[in-house]
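> Please find one structure pasted underneath; my questions will follow.
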Amino acid sequence: MVERLVPNELWELFQRVVPEAPSRPQGGGRRRHGDREVLAAIVFVATSGCTWQQLPSASFGPSGATAHRRFSEWSKARVWAKLHRLVLDELGARGELDWSRCAIDSVNMRALKGDLTGPNPVDRGKYGSKIHLITERSGLPISVGISGANLHDSQALIPLVKGIPPIRSRRGRRRRKPGKLHADKGYDYAHLRRWLGERSITHRIARKGVESSQRLGRHRWTVERTMAWLAGCRRLHRRYERKADHFLAFTSIACTLICYRRLTK
């Protein structure tokens, strides 16, 4: 189970970003569970959608409380964002990332309570959260963020573009700017077009009252497909985490698994 959920290639990448285990100056104490077993338990919770209490400790070793405690420690150390960026670097070094056309979109889900939640205007005002995503041409997520469900999509474009990390390329310098950015009518604002133009990013934003809403476009469908890929991480079907950084951590884990599948092909 552990080797299936955390293959050797993923484990080698994770070892490069995980912080060292804290030492006990006084000595003694219980033996610390291995990081690989705990990582497998966290991946199982993310993909299966089970609670921490339902985690089958007989299959992994650590209990649900131990896995949750280590998950909190690693989330605070931004391990998941670093792992996602490391996988993107490996893809970029192999020439697997196509920066010519990128797309941006968002998806809503219900949220029970917690930070960065708000009434969803398209779900009868029920509280929820929103995942914002930028994907490269083939649909690999390169920048992700979360917000309350009442945040307009247009307000997330600038932070998401700025949040694209500098990613390795097969040749030349690291890259963090797409050639073109495709978006739907929710991003049709003059100040966004002007902001993208100042950074030499060609904008391809659907225009209100001009273009049809029945079609996703020739290039924007890839980000919609990536949203469906995120649904493979069942922990994201509904937000149960009260802390926003925990919810963002599960989102980063889902994006990392999507990119890692491309890396192993």
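The values are calculated or read from the model by the stated rules, or taken from the named source; none is laboratory data. In this text the structure is predicted, and so the values were computed from the model without any measurement. Here the Cβ positions follow ideal geometry from the backbone for every residue, glycine too, while neighbour counts run over all protein chains shown. Ligands, DNA and RNA are excluded from the accessible area calculation, which covers all protein heavy atoms including side chains. Shrake-Rupley method; radii C 1.70, N 1.55, O 1.52, S 1.80 Å.
> Hey, does the range 209-225 have a residue that's part of a helix (DSSP H, G or I), touching a residue at least 60 places away in the same chain (Cβ under 8 Å), closer than 30 Å to R94 by Cα and acidic (D, E)?
Yes; the residues of the range 209-225 include at least one that is part of a helix (DSSP H, G or I), touching a residue at least 60 places away in the same chain (Cβ under 8 Å), closer than 30 Å to R94 by Cα and acidic (D, E).
> Six or more apart or on different chains, Cβ atoms under 6 Å: show the pairs whose first residue is in the range 247-265 and more than 17 Å from S147 (Cβ to Cβ) and modelled with pLDDT of 95 or more and whose second is assigned to a helix (DSSP H, G or I) and among the aromatic types (F, W, Y).
I253/W80; I258/W229
> I'm checking my understanding of the structure. Among residues of the range 46-85 that are open to solvent by less than 50 Å² (accessible area, probe 1.4 Å) and either of a type in the set (D, E, K, R) or in contact with a Gly (Cβ under 8 Å, 6 or more places away or on another chain) (or both), which one is nearest to C259 (Cα to Cα)?
Looking at the filtered set, the residue picked out is T47.
> Here is a further query. Looking only at the range 9-30, which residues are open to solvent by 90 Å² or more (accessible area, probe 1.4 Å) and either under 23 Å from A58 (Cα atoms) or touching a residue at least 24 places away in the same chain (Cβ under 8 Å) (or both)?
E9, R16, R30 - these are the residues of the range 9-30 that are open to solvent by 90 Å² or more (accessible area, probe 1.4 Å) and either under 23 Å from A58 (Cα atoms) or touching a residue at least 24 places away in the same chain (Cβ under 8 Å) (or both).
> Shifting gears a bit: Just to be sure, is T117 touching a residue at least 60 places away in the same chain (Cβ under 8 Å), open to solvent by 10 Å² or more (accessible area, probe 1.4 Å) and in contact with a Phe, Trp or Tyr (Cβ under 7 Å, 6 or more places away or on another chain)?
The answer is yes for T117.
> Turning to a different aspect of this structure: Which of the residues that make up the range 76-120 are of a type in the set (G, A, S), assigned to a loop (DSSP other than H, G, I, E, B) and over 18 Å from the mean Cα position of the chain (by Cα)?
G95, S100, G114
> Check S129, S72, S147 and return the single one that is part of a helix (DSSP H, G or I), more than 23 Å from H203 (Cα to Cα) and small (G, A, S).
Only one candidate qualifies: S72.
> Right, next: Select from the range 214-248 the residues that are among the basic types (K, R) and crowded, with 18+ Cβ neighbours inside 10 Å and write down the one among them that is nearest to the chain's Cα centre (by Cα).
Out of the qualifying residues, it is R235.
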